[in-house]
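The values are calculated or read from the model by the stated rules, or taken from the named source; none is laboratory data. None of these values were measured; they are calculated from a predicted model. All Cβ positions, even for glycine, are placed from backbone atoms using ideal geometry, and neighbour counts span all protein chains on display.
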Amino acid sequence: MNSLEQITTAKGNPSLVLTNETDHQALLAIKDLITGDPLGALSSWNHSIHFCNWQGVSCGRRHQRVTALNLSSLALVGSVSPQIGNLTFLRRIDLGNNSFHGEIPQELGKLFRLQYLLLLNNSFQVNHLTGTIPLSIGNLSNLRVLCLSYNNLERSIPTQLGQLSKLEALQLTSNNLSDQNLLTGSIPNSIGKLSMLEKLFLPNNSISGEIPSSLRNLSRLGELDLSTNMIEGSIPISLGNCTNLQRIYLDYNRLIGAISYQIFGLSSLIGQSLSQNYLTGLLPQEVGNLKNLGGLYVSKNKLFGEIPTALGNCEVLELLYVDCNLFKGTIPTAFRQLKGIQELDVSRNNLSGQIPRFLGEFRFFQYLNLSYNMFDGEVPDGGVFTNISAFSIVGNTILYRNKRSRQQVNLASPLKNQYPQLSYGELFQATNGFSPSNLIGEGGYGSVYKGILNFDEQIIAVKVLKGHERGANKSFVTECEALKNIRHRNLVMTITACSSIDFKGNDFKALVFDFMENGSLENWLHPSLLEQHEPKNLNFPSNILLDGDLCAHVSDFGLAKIVLATNGISIHQQSSSIGIRGTIGYVAPEYGMGEEVSTQGDMYSYGVLLLEMLLEMYTGKGPTSNMFTSNVNLHSYVKMCLPEQVMQILDPQIILEMEEEPSRSMQSSTTNISKLEACLVPVFQIGVSCSAEMSSERMSVKDVLKELYKIRNVFLGVRGQRH
């Protein structure tokens, strides 16, 4: 094969002559340091064909020098060879979504033609790209995109990055998946020299200091994400000079002071999140200038005054979160102009007056939270108010919704909920006399029936509690009062409660819940049980219910305490054998030793369930399967299979669905499966970590959530939504 010997003088080293044979040798050196290639992606890297035809290699037509190296998402393991610096015609490097480890070579600084450097997400395995960001990257004068996100880089952001005068995107998101080595220090002022910069992403690190005022020079900046750091000081007024800004994410920092009105002079702004800071003062009326604003998040600050009426001018606003502040007054009547609003949360403020009727007229409402204010009067009809799982008004003064009887909601039942008190007779009628055909579950706390309320045809689930004592009504009501204050979109919502007597004069106590039409997670993990047409004994997977959108809701939350009260037992009187309720295989080992209930115990149950969801269709069993002996349990079984045998123990149905994905995504089946495996390994690792026998070794729920968001975003290739 003829080889064009075009000679090029290496920049900065006149004595070094580089040819396409140099490129050939550099590629072989890169291959030598790749110790894992499970997909055989580099099998073509041999002497039988020209290196320009190797997978992932692109060359220029004229000189046959390597211009692009794309080895992304190939499940490669190894380190990056310093000889990559000899590929001086490179314009693009993409090694993302692999398992490279070691330091980023300083020799990258020789690649003066380089425009794209993408090394994101090499953190799925035990090894990672580590160390610091090489100072030599500052020599890449033609670089347009620098992405080093999701690695284990540490220390501060080098000031040399300010030399990248053509840089358009800088992405250093979450440079650690274990919170041990994060980017620290402050944002260098030299970033303000990047006059071509359009995207600056530095979230999920440990960056401190203040937002540099030099950012005012970034006239092309369209997206700024500094969220989830430790940034202090105030929001610079000078950000108002960045007239092309479309999205600003400064949430989860330590920002103080007032929100300057100049920030709201950016007519291009479509998304802004300032939540979870220490901001004070008024929300400026200038927010009404943001005609293109789609989402505004200022939750969990110390903002006061009235909610600006000018927000009504933001007619394309879809998401508005102003909860957990000190706002007073009423919901502005100008809000009736927000025809496209989908989510509104004004909870935990000092708002008062009546709930505006126009809130029931919005067609696209999916979530409305008015709880813990001082609203009174009538709850509107229609719209979001017809879906009891989509809105919350708990913790207000006096609210009613039956216009004819004016029956006050807070007097109607122990739960002070949106429905009037339900008698035993009404529940008897709703469940066809508690007919066995309506029985959908049985457990230690009682039996669950499906029912339909006659007055509005609402489908409900009625849990009839058993084993109660006479005279326990006061305790039952007290515990129900506590339960009604627990609200979360992933808890099965308690509609009301009934404490009465049945037709035989016996005490009757029941809780009424929103009905989940897609049943329990257990039904999906064990579809064969549905064919038996028998009520199931409730266990952990059956307590996770799925609504019409397959969104998960936890049931029986707080029910143990209610049952104790129903039996006249104080929470302080209970022994550990009474207080610890759960299903064998899901209950943390320390509970059997008499330890108190803890969040670490909850994480154990979560870890077991996570592993069961990934394996269930393969094993056909849960954590108590006969396949697990005293020496091997679900935790140790998965741990032994990580990471090489993940695809062998995975539910085959998941793999089949991914193999069908190429027709929709236009990607190869091999690429999809590789991407799936790379993302599943850390999910399995989370399950193993959470189900560790020692509680001190388990991940926290905060860390789990952070990890899962990162894995999800890598898998989908998009940024997560802000809430």
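Please tell me if T67 is touching a residue at least 12 places away in the same chain (Cβ under 8 Å), assigned by TED's automatic domain parsing to the domain that holds Q115, loosely packed, with under 15 Cβ neighbours inside 10 Å and touching a strand residue (DSSP E or B) at 6+ places or on another chain (Cβ under 7 Å). Spelling it out, it is not the case that T67 is touching a residue at least 12 places away in the same chain (Cβ under 8 Å), assigned by TED's automatic domain parsing to the domain that holds Q115, loosely packed, with under 15 Cβ neighbours inside 10 Å and touching a strand residue (DSSP E or B) at 6+ places or on another chain (Cβ under 7 Å). Listed conditions (1) within 15 Å of L140 (Cβ to Cβ); (2) in contact with a helix residue (DSSP H, G or I) (Cβ under 6 Å, 6 or more places away or on another chain) are all met by P82, apart from (1).
Within the option set S186, S165, S156, being modelled with pLDDT of 90 or more, over 30 Å from R698 (Cβ atoms) and either hydroxyl-bearing (S, T, Y) or touching a His at 6+ places or on another chain (Cβ under 9 Å) (or both) holds for one residue only, S165. Every residue in region 295-315 that is in a loop (DSSP other than H, G, I, E, B) and either basic (K, R) or touching a residue at least 60 places away in the same chain (Cβ under 8 Å) (or both), please. Selection gives K300 alone. Among the residues of this structure, F476 counts as one that is outside any loop (DSSP other than H, G, I, E, B), at pLDDT below 80 and aromatic (F, W, Y). For region 32-64, the set of residues classified as charged (D, E, K, R), assigned to a loop (DSSP other than H, G, I, E, B) and surrounded by 11 or more Cβ atoms within 10 Å (Cβ to Cβ) consists of D37 only. Candidates are the residues of region 422-465 that are exposed (fewer than 14 other Cβ atoms within 10 Å of the Cβ) and among the charged types (D, E, K, R); the one that is modelled with the highest pLDDT is E457. Screening region 519-610 for helices (runs of 4 or more DSSP H) wholly inside it with 3 or more residues that are modelled with pLDDT of 75 or more returns the ranges 521-525. Listed by first and then second residue, the pairs linking a residue in region 700-723 that is in the same structural domain as G601 (by TED's automatic domain parsing) and over 22 Å from D602 (Cβ atoms) to a residue that is at pLDDT below 80 and aromatic (F, W, Y), with Cβ atoms under 8 Å apart and 6 or more places separating them unless they lie on different chains, are V714/Y150.
Here N292 meets each of (1) part of a loop (DSSP other than H, G, I, E, B); (2) under 23 Å from F365 (Cβ atoms); (3) touching a strand residue (DSSP E or B) at 6+ places or on another chain (Cβ under 8 Å) with one exception, condition (3).
All told, V688 meets the bar of being touching a Lys or Arg at 6+ places or on another chain (Cβ under 8 Å), under 19 Å from C641 (Cβ atoms) and in a helix (DSSP H, G or I). Residues of region 359-378 that are among the charged types (D, E, K, R) and touching a Gly at 6+ places or on another chain (Cβ under 7 Å): E361 alone.
If you take the residues in region 321-370 that are in a helix (DSSP H, G or I) and among the aromatic types (F, W, Y), which one is surrounded by the most Cβ atoms within 10 Å (Cβ to Cβ)? Looking at the filtered set, the residue picked out is F335.
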